[in-house]
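The values are calculated or read from the model by the stated rules, or taken from the named source; none is laboratory data. Model, not experiment: these values are computed from the prediction. Please note: Cβ atoms are built from the backbone with ideal geometry, for glycine as well, and neighbour counts cover all protein chains shown.
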Amino acid sequence: MPRPHGFTYEAHRDGTVHVTHHGRPATTLRGRRAEAFLTEVTGGDAQPVRARWTGNHRRGNERRARDHPRTRR
């Protein structure tokens, strides 16, 4: 699986953080979640952090496998 790319974020004065993926809104974080995100994203490689927080790390086979008849309950 390729490494996450295309994520950016904007932190606003009111504490809100807007995360986008290739220019499209991915998520908005507020309050404690925004603080935790900013702490984590400044601590290392930011792309995987942003992908995990937005849920965009699940692509392709993981989504298709969820709907496979063998895995349905």
Tell me yes or no: at least one residue of the stretch 9-21 is at pLDDT below 85, of a type in the set (A, V, I, L, M, F, W, C), surrounded by 10 or more Cβ atoms within 10 Å (Cβ to Cβ) and on the phi < 0 side of the Ramachandran plot. no
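Take the residues in the stretch 26-73 that are part of a helix (DSSP H, G or I), hydrophobic (A, V, I, L, M, F, W, C) and more than 10 Å from Phe7 (Cβ to Cβ), then tell me which one is modelled with the highest pLDDT.
Per the stated criteria, the residue is Ala34.
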